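Encoded as C-alpha cells, here's the structure I'll be asking about.
The values are calculated or read from the model by the stated rules, or taken from the named source; none is laboratory data. From a predicted model like this one, the values you see are computed outputs, not experimental measurements. Note that we place each Cβ from the backbone using ideal geometry, even for glycine, and neighbour counts take in every protein chain shown. All accessible areas refer to the heavy atoms of the entire protein, side chains included, with ligands and DNA or RNA removed. Shrake-Rupley method; radii C 1.70, N 1.55, O 1.52, S 1.80 Å.
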Amino acid sequence: MSSKAAVLASFVEAAPPGEPVWSLSSTFSPTIELLKITADIKSLTSNGSDVVESLGSAFQKYNETQLTTVKLPGSSGVVLVSEFNALGDGRYFDPGSQSSFTFDHATQKASDVLSHTLESEHSDLIKSLQRIFSTYTSEHYPSSTFAIYPVESTSSVALVLVANKYSPSNYWNGRWRSIYTYSPSSGTLTGNIKVDVHYYEDGNVRLLTTKPVEVKLNSGASAQDVVKQIGMAEQRYQEELNRGFAALSEGAFKGLRRQLPVTRQKVEWEKIGGYRLGQDIGGGRSR
C-alpha cells in the first residue's frame, strides 16, 4: 500500500461512531448515513471513486473492529460483523439465526443469506450464554446487539456486544463495545471494554477509552456465573468513568477558565453600563 493510500486508510479506520461507510454506487443504504470522512476523500482526490474502491481492506477493518450491525434481507433482526464470525471471502455467520451471509464492506449491505448450522464442542454453553446474556443486555443496554461465537482455534467462546447511541441533533454520537473470550477448561475470562464518544458542535472532542478485563472463574463455570462476572466488571467501569467525568468537570475543565479578570476583582455586572473602559476596569485615570 502506498503512503497516500495508507494515510487515507487510517482516516477510514479512525472514523467516529455514527458515520458509516459511503456506498460506491453513490446511493444511500436505507439504514445508514453518509460517511463524511469518505466523502471528503472522494472530494480531495482527483480520482476519488477509484481511491475509495481501493480501500476495501480499510473498510473491512473498520466494520469488524467497530462491530458494525446489519439487517439481513427478509429479516427484521440485526446481526454483527466481527472477526469472530468471519468465514472468509466476505461471508459471515450468525449463531442466533443459524445463517450465513455475504457482507459488502463498502456499502454495509448483507446479501445471499444461507442456512448455517453451528458446530462446536461448546454448543450447549453457547445456547445458555445466548439466553442469559440476552436478558443482561436488554436490562442494561436498550439499543444493543450481541452474539456468542465459538473460537475453535483456542477451544473458547467469544462474547461480543455493541451498543450505539446517536444524537446528531445534539451533535454527539457514542458507542460501547465489549469483547470477551471465555475458556471453559481454564475458567479464564479476558477481554476489553471500549468506549468511543464524539462531540462535534463548533469543534471536535472525542473520548476513546479501553479497559482491560481479566477474571478467573472455576473450571466449568456456568453461563450464569460468566455473565455475572461481566456485569460486575462493566458496572465497575461505568462507575469509574462517572468519577473521571466528575473530576474533569471540577478540575481540569475549571482550570481552563479564568476565575477572575486580570484585575483579580469580580466584575459588578449590574454596573457594567457605567464602567469606563481603561479607567474603572483597567485601573487607569481619566484624562
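Filter the cross-link list K42/K211; K4/K109; K194/K216; K165/K211 down to pairs whose alpha-carbon distance in this structure exceeds 29 Å. Walk me through the numbers before you get to the answer.
Numbers: K42/K211 35 Å; K4/K109 27 Å; K194/K216 21 Å; K165/K211 20 Å.
Those over the limit are K42/K211.
What's the local net charge at F103, with K and R +1, D and E -1, over the other residues with C-beta under 14 Å away?
On the way: positive: K61, K71, R91, K109; negative: E64, E83, D89, D94, D104, D112.
Result for the neighbourhood of F103: -2.
Right, next: Considering only protein heavy atoms, with the full assembly of protein chains and a 1.4 angstrom probe, order E250, E119, E152, E13 by accessible area, largest first.
Working: E250 120, E119 145, E152 100, E13 65 Å².
Result of the area sort, largest leading: E119, E250, E152, E13.
Report the accessible area of S75, computed with a 1.4 Å probe over the heavy atoms of all protein chains in place, in Å² rounded to the nearest 10.
Its heavy atoms expose roughly 60 Å² to the probe.
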